[in-house]
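Notes follow once the structure below has been shown.
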Amino acid sequence: MLGTNDLPEAGAVIDDATMRAFRACIRGEVLLPGDGAYDRARAVFNGMIDRRPAIIVRCAGVSDVIRGVDLARTNDLTLSVRSGGHGVAGWAVSDGGVMLDLSPMKGIRVDPGRRMADAQAGLTLAEFDHETQAFGLATTMGVISMTGIAGLTLGGGLGWLNGKHALACDNVISADVVTAAGELLTASADRHEDLFWALRGGGGSFGVVTSFRYQLHPVRMVVAGSVVYTPTRTRDALRSYHEFASACPPELSTHGSLFRGPDGRPTLAVGVCHCGTPEAAETALRPLRRIAPVIEDDIGPMEYEALQHRGDTGFPPDQQHYWKSSFLKHLGDDAIEVMITFVEQMPSSNSGVGLQHLHGAAARVPKDATAFPHRDDHHDFLILSQWPDPAESSRNIDWTRRFFEAMTPFLEPAVYVNNLGEGDPRVREAFGANYDRLVALKATYDPANLLRARRSVPPVV
């Protein structure tokens, strides 16, 4: 279990009078250890995370957020923020601190005329897509429907539409933010521009975002699905998939998945989403079906909202998770051999390797235009380890670490901040050349490091 030694301990104890006054001014629910709903509220996606906040505030609105921030600051308590609770590192929960649970804040208003949506931070991808798809509109989000929009967007937001419409953070028009000082600001291209820059890919340690305004795009029907290649040709399929993805038009985004098939052999599946015309999709996908013999092929027209739910079955509930990630630009034979070898030894059949391709519009944004610096045509390489039995944790973690170490010579010195696991020290690599600017902004907006639970940039070098 990851618990009390993983985050800073609380620096103060809140007395009864202060707690009574706090409860009286909160419109939402305040939970303390021992309350009936406390354990359910502190549970997150990763079953390895077992932390106990001193207070959980299930915020009903912005005023609750402000009061929760003020409580943490005046009592020297770590502040953590939960929206979807899907982050593998469990940053949403801090031992002995104040946890702001934004999941009750699910308001959304879609303006189809201006192709914009105002969305509160408690929404999941499924809830956001459900509303925007009623108008035939969408913006880039992730690929797992239970993910929270806030954490995803603040870290960058790589998804099925990234080639055509860039990342989630690139589609943010403005954001309402409660700062560590308890002040509500609206950050945009012409208001608090420095904060706006940091929020787009810099992680969640610059303030508590309560809502986003997103740019939307006409997307309803897509050509999507996946192909699975015969396990006897996995090496060839991996090599050819890399070449295929590198030449994809912007309308076509891909996600390779290497897993252990029913017969135990490493097997490659490639998921796709083409958001152009069916005729263009047929032309673009033809080479994918020829790179190796195909044993399954369910690619066809489907609603975008349906596509956004397809990946959910790969994340069964109540799993232990330990991930290692980086970016991979060149997939050569030596790297393929390492991948094949370790997947053959994979201790859990629920685990796998992801190769989500970032390209097109997402790659063309200048590296310093937003805090997200990884603007290139490359794969987000992810060793996604998950297993049900906590007794198997050591074995699975050891496999993951050895696998990542063996792959390191082939990887870029970079990592997607949303994939950083617990204790991963590569924060500087998550932000690259933008790191120093983020440190300076952290010193401006959170000099006391109130939002330190997220283990993002510090307020000093």
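The values are calculated or read from the model by the stated rules, or taken from the named source; none is laboratory data. The structure presented is a predicted model; accordingly, all values stated were derived computationally and were not measured. Methodologically, a virtual Cβ is constructed for each residue, glycine included, from the backbone with ideal geometry; neighbour enumeration extends over all protein chains shown. These accessible areas exclude ligands, DNA and RNA; they are computed on the full protein's heavy atoms, side chains included. Shrake-Rupley method; radii C 1.70, N 1.55, O 1.52, S 1.80 Å.
A Stokes-Einstein calculation at 10 °C with viscosity 1.306 mPa s, built on the Kirkwood radius of segment 340-396 over Cα pairs, returns a diffusion coefficient of 115 µm²/s. Put a dot 7 Å past the Cα of K329, heading toward its Cβ, do the same for T408, and the two dots end up 2.0 nm apart. Computed per residue of the chain from DSSP H runs no shorter than four, each worth -39500 (n - 2.57), the mean residue ellipticity at 222 nm is -8000 deg cm²/dmol. Normalised Debye scattering of segment 390-446 at q = 0.12, 0.14, 0.25, 0.31 Å⁻¹ gives log10 I(q)/I(0) of -0.42, -0.54, -1.10, -1.27, counting only Cα atoms as equal scatterers and leaving out solvent. Using equal-weight Cα scatterers in the Debye expression, the normalised intensity of segment 214-290 in log10 at q = 0.12, 0.16 Å⁻¹ is -0.37, -0.61.
Counting only trypsin sites (Lys or Arg not before Pro) that DSSP places in a loop and that have at most 12 other Cβ atoms within 10 Å, the longest clean stretch of the chain runs over 115-461.
With contacts taken as Cα pairs under 8 Å at a separation of at least 6 residues, segment 1-143 carries a relative contact order of 23 percent. Can you pull the one-decimal nm distance between simple spin-label points at E131 and D35, each 7 Å off the Cα toward Cβ? If labels sit at E131 and D35, their model points lie 2.5 nm apart. Using only the alpha-carbon atoms, how far is helix 333-344 inclined from the longest principal axis of the chain? Give it as 0 to 90 degrees, nearest 10. Orientation of helix 333-344: about 70 degrees from the principal axis.
For the chain, the solvent-accessible area works out to 38 Å² per residue, with a probe of 1.4 Å and every protein chain left in place.
Here the calculated FRET efficiency for R428 and R191, from their Cβ-Cβ distance with R0 = 25 Å, stands at 0.30, rounded to the nearest 0.05. Over the chain, the Kirkwood radius and the radius of gyration, each from Cα atoms, give a ratio Rg/Rh of 0.96. Projected onto its three principal axes, the C-alpha set of segment 104-161 covers 28, 27, 16 Å, listed from the longest axis down.
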